[in-house]
Each structure stands twice: as structure tokens, then as C-alpha cells.
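Heads up: the structure comes next, in C-alpha cells.
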Amino acid sequence: MSKRHKQIQTAVFGILMAPAAAVAQQTPAQNTPPPDPAPPPGQANPGDPTASPVTMHPVTVTGGRPSEDFQVTRGSLNRLGAAELMDVPQTVVVINRALMQSQGATTMENALRNVPGVTIGSAEGGTIGTNINLNGFSARTDIYLDGMRDRGQYYRDVFALEEIEVLMGPSSMLFGRGSTGGVINQVTKKPFLKNATELSLQTTTNGFVRGTADVNAPFGQDSTNAARVSAMFQVGKATTLDQSNVLDFGFAPSVKLGIGTPTEITLSAILQHRKDQVPYGVPNLNGFPINVPRNTAYGYDSDATVQDVIQLNSTIEHKFAANLNLRNKTEFVWVNTAVQETSGGFVGTLAANGGFVQAAAGPGNTPYSAAPLNQLYVRQLSRDRNINDYTLENQTEVTAKFNTAFIGHNLLMGTDINYEAYTNKTSSRTGACNGIPLVAGSPGCVPAGFTTGGNTPSNVPSLPGNYASSQALGFGMYANDTAQVLPWLKLVGGVRWDVYSAQIGNSINSVNTPGNTTAAYSSQIDYFTSVRAGAIIEPTREQSYYFSYSTSFNPSLEQLTATTGATVLPPETNEGFEAGVKYELLNGNLSLNGALFQITKNNARTANADGTFTPTGMVRVQGARVGIAGQILPGWQVFGGYAYLNGRILAGLPATANGVGGTTGNVPLNTPKDSANIWTTYTFNETYEIGGGVFYVGQRYANNQNTVQVPEYTRVDLTAAYRQPRYEVRFNVLNVFNTMYYDQLMASDGGRAVAGTGTTGLITLTYRM
């Protein structure tokens, strides 16, 4: 272990344990079971568009903290087994709307920069949309919307969200299949019993314009009903990168009936249309992303990713008694993604006849390592397809609080049934480089050092490719109990049983196409039992020490896109251990947490030389994290964290005879050892606000072979605002020092990387009624 990492781990241990002495001096409550804690002073109404949300019940502002508080102490999900995050034996990081507005964040990716250990994947032919790595593992199908699986391949906006919750560690007992590194849950805005309107207009120095509206209104004579509508429109150049124009709009209506009565009914929808030019990044050369100007793009001006999203949700909740509750949720999601995109695939030079000659993979390949940039060319790849994703899901949950002898129970029981379908119709464009034909799927070649633009040449036809179709049916039933066995001790235990049945088919396959390894048809039925166990020690209400164990599983057809090899593979199995501490300091105004953890994936699918897979791999990530959120002094807000990830592929792809291509012993792709962030603001006289933050991500690899290295980076952002009761003018500067860094990585084509935006100024005007 290096001296630097010994120092880091020593500092982490000190941060975890130092607050214990301070909170121990506060008045203990050890002799009797503590009552359900009240929300901290100043926690605002959960529906107020200017406020941080509390999702369990309305509370009254009593002074103390400002409404724009970055601290969230209560979760939105019943299945966590506790309303208070102090009582959850796993790390939960919550990015609320106050924090997102302070930073000018408009997408899920931008919001998740606040969670160390989260990294972003770029677009790829089979995984278009929001691609997240969490604790070193892909979380593409571990995104949820109000606790319901949101697996569609689309780009997620935050205009309809109150907050984003990130639950760390394997969680199949709570959510079913998936969740190796954790779960990301989007919490939508809900109607409430108050007239409120918030309008905002944002523009940037790139020529990007965005407008949002959030309107809430009670209705009906009994004053128990309310409706809420959120809307978004944006157009222009989203970043400083070329070919990053967007034209998007969204509409999210919701109605809640019977607010505050024993039976509450919520009906909601999110409707979106997007037409975006998606940056696909740059290819690698000599072991690094090719060194070209930040804004360089290798697509055509006519490229576009067009997405239509329909999400329909209903929730019926009935309280039989104060301690007995039934909730039923139904969700339907349809996502259509029509893509004609062109990316830079491989770097090379031109032969004497003008044809493209590809550079060999790996570092130091002469003559390319010494070739001037103006002599290098990039072979383009077409990424064309039309995808349909369908999801229909129903959840029924019962929560009950009761006592058996001297033990108090918070019991959750539920069932989950879902149907999913997926189709993917691919096509490709094949052209030539200076009249010399290229390999299938490459429409042309372009100089490596700048954006060429234009349209796809008229003599480059689009030819149909494989049509993949798949469907799956899943059923799960689960139970979780949080037992108060002593005034200072809670035990958590849960079990879930799942059955998952999936079938896939491909029109171009190993049966009808010589040399093809794609399965013509494959089916799978998996049965799996997931468990969760933990212990929580709470000497006082202000401190919590916990240990937890949890498992999860990943079926081989989980993403409904696996197409290579005819053998049905067993599920990947995952287990996680976590030990941590949580503190509430300064009269509950400041939350501090830390944890040590280990996540292991067994039966990991390992690629073979012929394109098939075998379940022989093992991946392990050991790490530590700390986090802070809340108010240090009146008007001084802070949110930050640090994560250390020691990831290793313990068993993977074997190396070839000359030692090339192996993955055993390597670091998993897009897994930085160190990452950290801090964001802080200070408000003077309740009118003037200044602040900013630093985001750090350590060195990463763009593939599991570790042949493409992406450097570390530090990005600095600033904010300032003039605030009045009715309106606010906010200024943000992103990437103040114009740092050149790579934001999104993808293993495709040997390892691609998308550059982050250059210095960008934002101004946002918000008006509230």
C-alpha cells in the first residue's frame, strides 16, 4: 500500500470516529426506547417548490435552518425498513432539489457528481441513455422512479424530481435482481395542500436556453385534493463540445386525492420528447484518449438521438390504523429511441492509395506515437438503431409496527410482479475512405484534429441489420423486519425470493449466418433467494453505529440484450459487507457519515476469444467513504464526500501467449481509486449568496484490459445569487479554470472517452408565487 493511501485511510478512520466524543457529551436517552424523532428544526413542507423534501409527513417550519437546506434525514422508500436514514444499515446519499438548483444541475449525470464512487459511462450502440457505474459496477438497470424499476435506455432530466437517493451496496432483498453496487432512486414531485408556483429561465454562454415551470394547486371543497404540473423546455448547445445540440421538452402532471385521510390516491405521468446530438467521445491512441482539442467531434451534423418517453404511475395507500399501512403501486413505461449517430472508432493514417490504415492497439505504437496530429485520421462507425423498451410493474407492500413482549417490530412485507419487453432493430452505413472501401459499419474517415461536420454522404446507404426481440417476466416476494431489541440496539433482517424468466431472439444469428456467434434463440428461468441482515447500535439519538450484510444477483439475460453464445449462464451472485457510523451534530443541523465496505461479484461473465462467455470471473471492490451534509453555521451550507475504491478483477479473461489482453488482476473499467467533492454556500442577510465547489476524480481505465488510461482531474465551479422572497437571480460558472478532463468512459472500440465541458457561464432567473 502506498504512503499516500495509508494517509488517506488514516484520515478516513479519524473522520469516522472523531465525532463520537462530541456527541457522547450530549444528553443520552439510553434508558427508554426513543420516540420517533421529529424532523430537525426548520425542515420545510415536502411539497414546497422552494424547499428540501420530507416525504413521510408534512412538518411546520419553526425557524433555524433556511429552506434551501442540503441535508435530508428521512428516506422516501418504505422498503428501507425505516423512515430515518440513521436507522438504515447502509450508506444512503440524497441529492435534493436545493443542491441541484444551487449547482445549476439539469440532468441526472450532473446531479450524481455529488456522490463519490459514482462515475458516468458514455453512449454506446447497445446502452444508449443514462449509464452509471456505482462503486465499480454497472448500474444501468439499477435506476428506479419512486421505487419502481426505470430500466429504459433514455437520458434523464431532473425537472420533475424532488431528489435523487443513492443506496450503496447489493440490495436484491429490497429491489429484486441487480443492484451489485447499489441503487439510484428518483423521487418525483408530489402534490400538496398549498397554492405554489415556481417559474425559471436559464441561459448559458454556449447558447443554451432552458425554461421550467412547477405549479401546485389544491382543489375540491374538502381541501384534501391537489394537482401539480411540472414542465420543461430546452434548446441549444448543451456543452462546449461540438455536435451537442438539444431540443427537448417534458411534461409531468400529477393528482393526489384524499391527502391526510386514511386513503390517499396518487396518479402521475412523465412525458418527454428529446432530439439530441449525443457526444460519443474520442477513440484511444497509445494508451490514452487521443490528444485533440476538447470540442472535437467525429459525427455528422445530421446525427440525432430521438427519444419519446411515457411513464404512467398510480399509488393507492390505505392506513388501517396508525401502525398498519397498505400500499399498492402500478407503473407503465414505454421508451422509444431512434438513433442515427456516428462516432470516431479507431485512429490511423492514410496509405499511399488514400486508404485507412488502423493503428495497433496499446501504448507506444510507432509510427503513430510520433506522427503529427495533422497526419492522423479517424475511421468513423455508425451507431444506428431503433429501440423500444416496455415495462409494466405492480408492487404491493404492507407495513406494520407492533410489539412482541419487550421487542418492537417495524415489519415490511411485499410482492413485486413485472413484465418487460425489448426490441432493437439495427442498421448500418458503410462507405469509403478516399475511394477505398471500408469495413462494414464504417461510413467514412475524417481528420483526427478537428470537427468536420456535414451530412452523411449521399452515396453511403443505410442497410438493415439484426432485429433483436426479448421479453421477461419476474415475480418476487419479500419480508424485512427492523426489531428494537434494546433501547440502544436494533436488528435488521430480511429475505426475498425471486423467479425471473426471460427469452431473446435474433434475426441474424449463428444458425443462418456463417461465423456468427449470436444465439438465434435463448431462454432462461432463474430462482434466487436474497438476504439482508444488520445491527444498529444507537447510544444516543445523535449517533448510530452499524454493520450489514446483503446479497444480490444478476441473471445473464437481465438487460434483455445478451446475444452472444447459445449457452445459458447462471446468475452472477454478489455479496456486500458494510460497517459504518452516522452522526447528527449541531442540534441535528449537520449530518456526518462514514463506512468501510466490501462488494464481491461471483460467477462474473468472462469473455472468450470466440465471443462467447463463461461464468468463471470474480470481481471485488473494497473501499471506504465519508459524507457530510447540512448547516455548519446559520446561512452556511455544505455538502460533500470522499470515496476510496480498491477494485480488482480477481478472475477474468486470461492473457494470450504473449501476455496481451488479460484482465485478471486488473482494475475494473471506470473505477477511480479516489474521488471526492465538496460544495458549500454562504448567505448574507438572507439576500446575497456566494459559494462553489470542487469535484475530483482519480485516474481510471476505459477498459478492463487496462490498456487505455484516463488521467485524474479536478474541476472547480462557482455560484452567486441575489435572493428575494418572490424571485432569485443566480449565476454559475462551470469549470472555472477550463480544465481539460474526460467525463464519460465506455469500453467500446477498445476504450472511448468523452471530454467534459469547458468553462461555461449560466444565469438562472427564478420567480415564485
The chain: relative contact order in percent, alpha carbon pairs under 8 Å with at least 6 residues between:
13
Which whole-number percent gives the relative contact order of the range 227-271, counting Cα pairs below 8 Å spaced six or more residues apart?
34
Given 377-383, 101-107, 632-638, the highest-first ranking by average Cβ count within 10 Å works out to 377-383, 101-107, 632-638
In the calculated pair distance distribution of the range 280-325, what percentage of Cα-Cα distances lie above 15 Å?
72
Using a Förster distance of 30 angstrom, determine the FRET efficiency expected from the C-beta separation of L473 and F233, and round it to 0.05.
0.20
When a/c reaches 1.5 or more, the comparison of a/b and b/c decides; with that in mind, is the range 71-225 rounded, prolate or oblate per its Cα gyration tensor?
oblate
Using a ≥ b ≥ c from the Cα gyration tensor of the range 660-731 (square roots of the eigenvalues), is it rounded, prolate or oblate, where a/c under 1.5 gives rounded and otherwise the larger of a/b and b/c decides, a/b for prolate?
prolate
Could you give the size of the charge dipole of the chain about its Cα centre, using +1 on the Cβ of each K and R and -1 on the Cβ of each D and E, expressed in debye and rounded to the nearest 20?
820
Relative to the Cα centre, what is the charge dipole magnitude of the range 69-204, using +1 at the beta carbon of each Lys and Arg, -1 at the beta carbon of each Asp and Glu, and rounding to the nearest 20 debye?
220
Could you rank the peptides 90-100, 510-520, 665-675 by their average count of other C-beta atoms within 10 Å per residue, with the highest value first?
90-100, 665-675, 510-520
Quick check on packing: order 133-143, 580-590 by the mean number of other C-beta atoms within 10 Å, highest mean leading.
133-143, 580-590
For the chain, what does the helix formula give at 222 nm: sum of -39500 (n - 2.57) over DSSP H segments with n ≥ 4, over the residue count, nearest 500 deg cm²/dmol?
-1500 deg cm²/dmol
Give me the extension gain from T561 to Y527: residue separation times 0.36 nm, minus the current Cα-Cα distance, reported in nm with one decimal.
10.2 nm
Matching label, P(r) over Cα pairs in 10 Å bins from 0, in percent computed from the structure shown, candidates (1) 3, 13, 21, 23, 18, 12, 5, 2, 2, 1, 0, 0; (2) 3, 13, 24, 27, 20, 9, 3, 1, 0; (3) 2, 11, 17, 21, 21, 16, 9, 3, 0:
(2)
Tell me the carbon and sulfur percent of the accessible area for the chain, rounded to whole percent, probe radius 1.4 Å.
62
How much length is gained if the chain between T616 and L765 is pulled fully straight, taking 0.36 nm per residue apart and subtracting their Cα-Cα distance, in nm to one decimal?
48.2 nm
May I ask you to give the solvent-accessible area per residue for the chain, in square angstrom, as obtained with a 1.4 angstrom probe?
38
If a/c stays under 1.5 just call it rounded; otherwise compare a/b with b/c (prolate if a/b is bigger, oblate if not). Do that for the range 139-231, with a ≥ b ≥ c from the square roots of the Cα gyration tensor eigenvalues.
oblate
Violating pairs (Cα-Cα greater than 31 angstrom) within the set K256/K401; K194/K319; K329/K673; K189/K601; K189/K275; K237/K673
K329/K673; K189/K601; K237/K673
Projected area, mean over directions - the range 335-464, Cα convex hull, nm²
15.2
Contact order normalised by residue count of the range 278-409, Cα under 8 Å, 6+ apart, percent
31
Calculate, in nm to one decimal, what F219 and V736 gain on full extension: separation in residues at 0.36 nm each, minus their alpha carbon distance.
181.5 nm
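The values are calculated or read from the model by the stated rules, or taken from the named source; none is laboratory data. Model, not experiment: these values are computed from the prediction. Quick reminder, even Gly has a Cβ in these numbers, built from the backbone with ideal geometry, and neighbours come from all protein chains shown. Surface areas here come from the heavy atoms of the whole protein model, side chains and all, with no ligands, DNA or RNA. Shrake-Rupley method; radii C 1.70, N 1.55, O 1.52, S 1.80 Å.
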